[in-house]
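Below is one structure; the comments refer to it alone.
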Amino acid sequence: MEAFEYTVNEEIITIEGKIITVYGISVLSQCDAAAAKEIIRIPNISTDKSSLVDFATLCNSMNLSPIHIEEAISDFLIYHN
């Protein structure tokens, strides 16, 4: 059975001359114990790293299937804004 791990990714962007750090979610496939492979990357979800770390932890603890990540992010944005 394939296992997945949710992690937070980081990007630095510029908006109207202002440099901002934004965070997103990456889904890693753990099919090979030696090397995880990023299979989904959703950048620029939030500027709140702490909330996204909590979200990734929740996804991992619930063994969320990657097929549901977009819906889960949508719910996250509704309840964390």
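Annotations
- Of residues in segment 33-42 being closer than 22 Å to residue 62 by Cβ and part of a strand (DSSP E or B), the one modelled with the lowest pLDDT: 36
- Some residue of segment 15-27 being free of Cβ contacts under 8 Å to residues at least 24 places away in the same chain, touching a helix residue (DSSP H, G or I) at 6+ places or on another chain (Cβ under 9 Å) and under 22 Å from residue 68 (Cβ atoms): yes
- Options 35, 56, 72; residue that is surrounded by fewer than 13 Cβ atoms within 10 Å (Cβ to Cβ) and of a type outside the set (Ser, Thr, Tyr): 35
- The residue that is surrounded by the most Cβ atoms within 10 Å (Cβ to Cβ), counting only those in segment 1-32 that are outside any strand (DSSP E or B) and of a type in the set (Gly, Ala, Ser), is 3.
- Of 54, 75, 48, all but one fail to be touching a residue at least 24 places away in the same chain (Cβ under 8 Å) and acidic (Asp, Glu); the exception is 48.
The values are calculated or read from the model by the stated rules, or taken from the named source; none is laboratory data. Computed from a prediction, not measured in an experiment: that's the story for all the values here. Virtual Cβ from ideal backbone geometry, glycine too; neighbours counted across all protein chains shown.
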